[in-house]
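All remarks here apply to the structure that follows.
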Amino acid sequence: MSILEIKNITKSFGSLVANDNISLSLDAGEILALLGENGAGKTTLMNILFGHYTADKGSISIDGELLPPGSTEAAIKAGVGMVHQHFTLADNLSVLDNIILGTENLFAWRQDLSGARAKLEKMAEEFGLAVKPDILVGELSVGERQRVEILKVLYRDARVLILDEPTAVLTPQETEGLFATLKKLTDKGLGVIFISHKLNEILAISNRVAVLRRGAITGIVKTVDADRAMLAEMMVGHKVTRPRLEAAAAGAVVLQLSGVSVSGNTPTPLLNNIDLEVCAHEIVGVAGVAGNGQSALASLLSGLTRPASGTVELHGEALGEVTPNLMVSLGVGRIPEDRHASGVVGEMAVWENLISETLKSSEISHGRFWIKKPDALKRTEQLIEQYDVRCEGPLQQTKLLSGGNMQKLILARALSSDPSFILANQPVRGLDEGAIAYVQTQLLAARQRGAGILLISEDLDELMSLCDKLVVMYHGELSAPFVPKQKTVQEIGLMMAGHRPETGQEAAYAN
């Protein structure tokens, strides 16, 4: 029995048709995976369902009742709940306060905390979502925060649960726990829309898969009848093959960190006495759950943070005052974690973003203050073609690019100067299968040319398939390096959660 009916939804933004006559249904007890390229229209469709946007035409029904368009309040009352990829919780409030926030009558004399606590504890036990009601959200792990987000939706008696990239920041064990919870929810009749780019997870958890391409449905298939190759081809319109890591002898040491610590605003350091070595022709991967020091490591190697102690060496030379300008001048290619916040300046044109780290180049400038714009535009056109950046041209505003094309722009800027060391921080986060294959191909090509690459990722599949060596980061400390095939995904997942396996008498986290 369908609890959700989406009929002929169309939505345009100017000349761009984001949703083109989309029709979908969701049954009670079903997990429907929503798959598509960046810019395919998934987010727009979910925003229409949740009341953030109003469709140009079409209708949405919950249990046969038409949903008023453009009203988030109506969507929530009808039983639609959404857990965003980036959580929307208040760190300074307790779990209980976060869950009941916005559910109580403003004119009530007092809060019914005992009733709310009883309801929360019952739901937590029923669905295997263990939480401590009185603990501050700021003290929770990423996996625990996700439980709170799901409980917040269930507390409002949701019938339809939308999960946007729910496993992006979870360990393998936490992902298994989430899937177990989803099974309990669907057994109770809840319908789930599961948005993800991880094809293996979609195949493992969903009942059906709906694929969007350029705003339209290209197919809806039963999961039992699908495989990775089929879904990837439906998504991008052609066969997609991810690149493979080929054996290569490591070259000279490019980057070396010795006893490096980085201080923060907490009593414990963000990085604690870490040692790390990256050689030419080598990709070293950093695995770990978000918030364990990866951002501090990336900031250090981008020149944005100075070490409190220890030494940073590039090509055998110890660096003094580390700055972004110094790192770029020394041949460091930087692919930042957040392409929107720190990767590009959205208001600037494509050509301005592409030349932003080569302003002193004689090819595009006279000295420091005069840009040779015709030459800069010509160079931009060459890079747009070389890196397949799909845009209207060098003059287009960068913020109008899709996520995948924005990432290609960043790759073009970072790799076109043939850097000797590349910091790739979450380079495929949120990208579709075609864009992932492209980015990974470019990184392997740079490795082949002789670059040393540090790949920071929360996607273990990516790390296992691309890296010559792996280290695991937990609470600002690094494990000893190991070859990926020496450990199972489960063993690495335990290390990401803080388990320190012993090798002889040495702990894996001993530097």
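The values are calculated or read from the model by the stated rules, or taken from the named source; none is laboratory data. All of these numbers come straight from a predicted model, not from anything done at the bench. Don't worry about glycine lacking a Cβ; one is built from the backbone with ideal geometry, like all the others, and counts go over all protein chains shown.
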Checklist entry - When residue 224 is evaluated against the numbered criteria (1) assigned by TED's automatic domain parsing to the domain that holds residue 480; (2) surrounded by fewer than 22 Cβ atoms within 10 Å (Cβ to Cβ), which criterion, by number, is the only one it fails? => result (1)
Item to check | Residue selected from region 303-324 under the condition part of a loop (DSSP other than H, G, I, E, B) and among the charged types (D, E, K, R), by the criterion modelled with the highest pLDDT | outcome: 306
Checklist entry - Pick from region 121-176 the residues that are touching a residue at least 40 places away in the same chain (Cβ under 8 Å), surrounded by fewer than 17 Cβ atoms within 10 Å (Cβ to Cβ) and among the acidic types (Asp, Glu): which of them is nearest to residue 79 (Cα to Cα)? => result 157
Item to check | Failed criterion for residue 65 (all others in (1) crowded, with 23+ Cβ neighbours inside 10 Å; (2) farther than 18 Å from residue 186 by Cβ hold) | outcome: (1)
Checklist entry - Which of the residues spanning region 1-42 are within 20 Å of residue 66 (Cβ to Cβ), surrounded by fewer than 20 Cβ atoms within 10 Å (Cβ to Cβ) and not aliphatic (A, V, I, L, M)? => result 2, 5, 7, 8, 10, 21, 23, 25, 27
Checklist outcome for this item: For region 7-40, the count of residues that are at pLDDT 90 or above, within 15 Å of residue 192 (Cβ to Cβ) and of a type in the set (A, V, I, L, M) equals 7
Item to check | Listing of helices (runs of 4 or more DSSP H) fully contained in region 403-467 that carry 1 or more residues being at pLDDT below 90 and touching an Asp or Glu at 6+ places or on another chain (Cβ under 8 Å) | outcome: 403-415, 433-449
Item to check | Criterion: crowded, with 21+ Cβ neighbours inside 10 Å and within 27 Å of the chain's Cα centre (by Cα) - qualifying residue of 331, 288 | outcome: 288
Next on the checklist: Which count do you get for residues in region 1-39 that are part of a loop (DSSP other than H, G, I, E, B) and without any contact (Cβ under 8 Å) to a residue 12 or more places away in the chain?
Outcome noted: 2
Checklist entry - On the given criteria, is residue 304 crowded, with 19+ Cβ neighbours inside 10 Å and in the same structural domain as residue 453 (by TED's automatic domain parsing)? => result no
Item to check | Qualifying positions in region 180-197 - surrounded by fewer than 19 Cβ atoms within 10 Å (Cβ to Cβ) and farther than 23 Å from residue 121 by Cβ | outcome: none
Checklist entry - Got a number for residues in region 198-236 being under 15 Å from residue 43 (Cβ atoms) and among the charged types (D, E, K, R)? => result 2
Next on the checklist: I'd like to check something: does region 253-260 contain any residue that is within 30 Å of residue 475 (Cα to Cα), surrounded by fewer than 19 Cβ atoms within 10 Å (Cβ to Cβ) and without any contact (Cβ under 8 Å) to a residue 24 or more places away in the chain?
Outcome noted: no
Checklist entry - Are any of the residues in region 198-208 over 20 Å from the mean Cα position of the chain (by Cα), surrounded by fewer than 19 Cβ atoms within 10 Å (Cβ to Cβ), assigned to a helix (DSSP H, G or I) and among the small types (Gly, Ala, Ser)? => result no
Checklist outcome for this item: When every residue in region 63-97 that is of a type in the set (Val, Ile, Thr) and closer than 16 Å to residue 192 by Cβ is compared, the one modelled with the lowest pLDDT is 83
Next on the checklist: Could you list, ordered by first residue, the pairs with Cβ atoms under 8 Å in which the first is in region 177-197 and closer than 24 Å to residue 42 by Cα and the second is among the hydroxyl-bearing types (Ser, Thr, Tyr), at least 6 apart or interchain?
Outcome noted: 178/167; 192/186; 194/206; 196/167
Checklist entry - Is there a residue in region 146-160 that is modelled with pLDDT of 90 or more and closer than 27 Å to residue 437 by Cβ? => result no
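Looking at this structure, is residue 43 closer than 27 Å to residue 436 by Cα and at pLDDT below 90? It would help to see each step written out before you state the result.
Details: closer than 27 Å to residue 436 by Cα: yes; at pLDDT below 90: yes.
Yes; evaluated as a whole, the condition is true for this residue.
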Item to check | All positions within region 388-402 that are buried (at least 22 other Cβ atoms within 10 Å of the Cβ) and assigned to a helix (DSSP H, G or I) | outcome: 398
